[in-house]
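**Student:** Take a look at the following structure, please.
The values are calculated or read from the model by the stated rules, or taken from the named source; none is laboratory data. It should be emphasised that the depicted structure is a prediction, and the values quoted were computed from it without experimental measurement. Every residue, glycine among them, receives a Cβ derived from its backbone with ideal geometry; neighbour counts consider all protein chains shown.
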Amino acid sequence: MCRHFAYIGKPMPLAELLFAPDHGLLEQSWAPRRQRYGTINADGFGVGWYAPDDPVPARYRRAIPIWADRSFADVARVTSSGAVLAAVRSATPGMTPEESAAAPYAHGPWLFSHNGRVEGWPHAVEELAASLPPARLLALEAQVDSALLWALVLERLDAGDAAGEALMHVVNAVSAVAGGRFNFLLTDGMAIAATAAGDSLFWRNGTGGVVVASEPCDDGPDWHQVPDRSLLTATAGSVEVRPIPALTKEHAAP
């Protein structure tokens with residue numbers, strides 16, 4: 001129910017990454033071309049980026065459409081980064097419209113975004129939520145499905161999983177108890193991990209760096225679509241895509 005975008009590469013102005021492309025995230029907020037669910041992404045937006053020599057990203061989030069925030073457009077014009085994660089939101093009916101529900105979510109060096117929804121929320125995932133430590137639940141940024149999914153991913157990261165392994169585990173664990181769409185983006189400023197699980201995902205490895213996005217930002221020929229139920233991992237110079245294997249019983253706990 002949104003569009004999201006991640007970039008790893010040489011430092012670029014945020015405006016050049018998000019606003020300048022013919023079909024960048026700004027235009028995708030009102031005219032997405034490949035969005036299967038919803039027609040407009042006007043329920044908030046967020047951008048996270050990394051500064052040199054600081055592993056903790058900055059975030060800018062609002063509960064208004066990205067096109068309505070002239071202040072951020074000015075910030076984006078003069079702010080450059082070599083690692084960015086951004087999203088525009090189309091809120092699922094019944095979910096809070098507050099700024100706290102807008103991706104990216106953050107913890108330490110991590111930024112996270114979820115494009116999709118958990119069907120049967122919240123009852124379908126009660127057992128998964130109950131498996132988390134109370135402190136993790138109390139720290140949820142918002143009472144929405146994406147925030148709980150982030151908590152599940154973060155629990156795996158804290159347990160020692162690599163980024164891609166954490167995402168795949170949560171896709172499988174949630175898919176086992178609830179229908180839905182689970183396209184995730186995760187970065188620590190050094191690499192990107194992403195899942196295609198129910199919605200579109202594309203990538204491009206250009207001269208400046210790697211872009212991973214819900215849909216192409218322009219009509220260039222060098223975009224590649226990620227097959228459904230796949231994990232993508234990328235650094236500034238390489239991209240790997242592989243299938244998400246089924247969850248085994250011995251690894252079924254979140």
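**Student:** Within region 18-38, take every residue that is touching a residue at least 40 places away in the same chain (Cβ under 8 Å) and either of a type in the set (S, T, Y) or not in a loop (DSSP other than H, G, I, E, B) (or both) and give me the one that is surrounded by the fewest Cβ atoms within 10 Å (Cβ to Cβ).
**Tutor:** The selected residue is Y37.
**Student:** Please go through region 110-139 and give me each residue that is assigned to a loop (DSSP other than H, G, I, E, B) and out of contact with any strand residue (DSSP E or B) (no Cβ under 9 Å at 6 or more places or on another chain), ordered by number.
**Tutor:** Matches in region 110-139: P122, S131, L132, P133.
**Student:** Continuing with the same structure: Search region 206-220 for residues that are touching a residue at least 40 places away in the same chain (Cβ under 8 Å) and crowded, with 20+ Cβ neighbours inside 10 Å and pair each with any residue that is part of a strand (DSSP E or B) and β-branched (V, I, T) when their beta-carbon atoms are under 8 Å apart and the residues are at least 6 apart or on different chains.
**Tutor:** G209/I8; V210/I8; V210/I192; V210/V239; V212/I192; C217/V211
**Student:** Restricting attention to region 45-56, and to residues there that are out of contact with any Pro (no Cβ under 7 Å at 6 or more places or on another chain) and outside any strand (DSSP E or B), which single residue is surrounded by the most Cβ atoms within 10 Å (Cβ to Cβ)?
**Tutor:** A51
**Student:** Could you please let me know if G179 is at positive phi and not acidic (D, E)?
**Tutor:** no
**Student:** How about region 102-139: which of its residues are at positive phi and either among the polar types (S, T, N, Q) or within 20 Å of the chain's Cα centre (by Cα) (or both)? Let's see the steps before the verdict.
**Tutor:** Restricting attention to region 102-139, the residues satisfying the condition of being at positive phi are 108, 116, 120.
Listed by number, the residues that qualify are G108, G116.
**Student:** Which residue pairs have Cβ atoms under 7 Å apart, sit 6 or more places apart or on different chains, and have a first residue in region 115-131 that is aliphatic (A, V, I, L, M) and surrounded by 21 or more Cβ atoms within 10 Å (Cβ to Cβ) and a second that is at pLDDT 95 or above and assigned to a strand (DSSP E or B)?
**Tutor:** Partner pairs satisfying both residue conditions: V118/G180; V125/V118.
**Student:** Tell me, which residue of region 57-79 that is among the aliphatic types (A, V, I, L, M) and surrounded by fewer than 16 Cβ atoms within 10 Å (Cβ to Cβ) is nearest to S100 (Cα to Cα)?
**Tutor:** The selected residue is I64.
**Student:** Related question: Tell me yes or no: at least one residue of region 168-185 is more than 26 Å from T96 (Cα to Cα) and in contact with a strand residue (DSSP E or B) (Cβ under 9 Å, 6 or more places away or on another chain). Break it down into steps so the answer makes sense when it comes.
**Tutor:** Applying the first criterion (more than 26 Å from T96 (Cα to Cα)) to region 168-185 yields 168-169.
Retained after the next criterion (residues that are in contact with a strand residue (DSSP E or B) (Cβ under 9 Å, 6 or more places away or on another chain)): 168.
Looking for residues that are more than 26 Å from T96 (Cα to Cα) and in contact with a strand residue (DSSP E or B) (Cβ under 9 Å, 6 or more places away or on another chain), one finds at least one in region 168-185, hence yes.
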